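Below is one structure; the comments refer to it alone.
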Amino acid sequence: GKYVRPMLVLLMSRATALTPQVARERSIYGVNKPITDPEVLTDLNPSAPQYSTLSSMSHDSAYTQEDSDILPSQRRLAEITELIHTASLLHDDVIDHSQSRRSAPSANIEFGNKMAVLAGDFLLGRASVALARLRDPEVTELLATVIANLVEGEFMQLKNTARDEKNPVWTEDTLSYYLQKTYLKSASLISKSCRAAAILGQTTPEVVEAAYSYGKNLGLAFQLVDDMLDYTVSGAELGKPAGADLELGLATAPLLFAWKDNKSLGKLVGRKFSGEGDVQTAREIVADSSGLEQTRALAQEYVDKAIEAISGFPESEAKHGLIEMCTKVMKRRK
Ligand code: 2DE
Ligand code: MG
Ligand code: MG
Ligand code: MG
């Protein structure tokens, strides 16, 4: 069917995500070349060879023009998800004051916050153009919703009402708030783009649901692991700052699970981590707790659900690729 391989390609291009560093080298990002540069504008001209610049951005062997299993619209979709993803990282590094991304200085460090924000905005504009050219209102609505969801998730993280200082008590709501935020900031892009890939493949409603469920569960697992690695892996290995979440005052899964078992953490969690001391104390409590283990276990549950979701897909290399993607998410160290 025309959906399994397209889903894999879509996810592969995310796995080898275009980085702000690669982005800088690409004229279409308008960062190191003015947006008025003819080369930049080529792809905005509908009569130009279709998306030549966008297509050349791919550096994934699974992502070649000769791949007859993939419809042109599905290839465009993979590019669109990549553009949205990269835009969100450009903005994320500004919001998080990150110094590095994929083992290189992040765009905000290299070019400053203003350029990084504009570059992200530009990519969203380009994604919108590419989306409009698909002439598929359902897919357009899905991906436009993803953009809104990314912002909603980031907003929930900023508000962080689950650790209201007047009520620093762990409840089941604490975890569900975190999971909803995680869906919005990470799983929405993966799940809705998997759904869109299936829709473009003109398959059955059941397959569309299965594709969505796979992406949702994989996305949740991905961010849980991301939040775990923030505690367990060095910045050098991660290629981006480690220990950043606590530093930013963010209560992610490892801390929330630690808090559940050690209510005294509430005193720390209930307010912004004010000083070095607080951050260090919280880090030690998390390290001594089963918070990291519980985070990994929950990620594994989601991965199992993702694999289960596609169990009805016909056997193929691409299906195995989707399963391997799950295994890789659990094994990754960066
Ligand atoms: C990753 O979280 C962030 C994902 C969503 C960011 C969304 C923003 C809203 P992390 P890492 C910034 C704007 C959205 C647009 C422009 C579409 O844990 O650890 O901070 O990789 O990621 O820094
Ligand atoms: Mg970040
Ligand atoms: Mg962030
Ligand atoms: Mg992170």
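A few remarks follow.
- Cross-link partners of Lys2 among lysines (Cα-Cα below 22 Å; sequence separation of 8 or more within a chain): Lys192, Lys216, Lys319
- Asn262 paired with Glu110, simple spin-label distance in nm, labels 7 Å along Cα-to-beta-carbon: 3.9
- Solvent-free Debye calculation, one equal scatterer per alpha-carbon of region 194-334: log10 I(q)/I(0) at 0.13, 0.17, 0.18 Å⁻¹ equals -0.65, -0.90, -0.95.
- Around the amide H of Arg101, modelled in the peptide plane, lie the amide H atoms of Ser106, all under 5 Å away and 5 or more residues distant in sequence or on another chain.
- Using θ = phi - 60° in the Karplus curve 6.51 cos²θ - 1.76 cosθ + 1.60, the 3J(HN,Hα) couplings for region 247-260 round to 4, 7, x, 9, 8, 9, 3, x, 6, 5, 5, 4, 5, 4 Hz; x is entered for Gly and Pro.
- Modelled FRET efficiency - R0 25 Å, Arg333 with Glu209, Cβ distances, 0.05 increments: 0.15
- Whole-number D in µm²/s for region 74-142 (Stokes-Einstein; Kirkwood sum over Cα pairs; 20 °C, 1.002 mPa s): 170
- Cross-link reach list, lysines versus Lys260, counting only Cα pairs under 24 Å and skipping chain neighbours closer than eight places: Lys159, Lys166, Lys181, Lys185, Lys272
Each reported figure results from applying straightforward, stated rules to the coordinates on display, with no laboratory input. Every value quoted in this text rests on a predicted model; they were computed, and no experiment measured them. Glycine also receives a Cβ, built like all others from the backbone with ideal geometry; neighbour counts cover every protein chain displayed.
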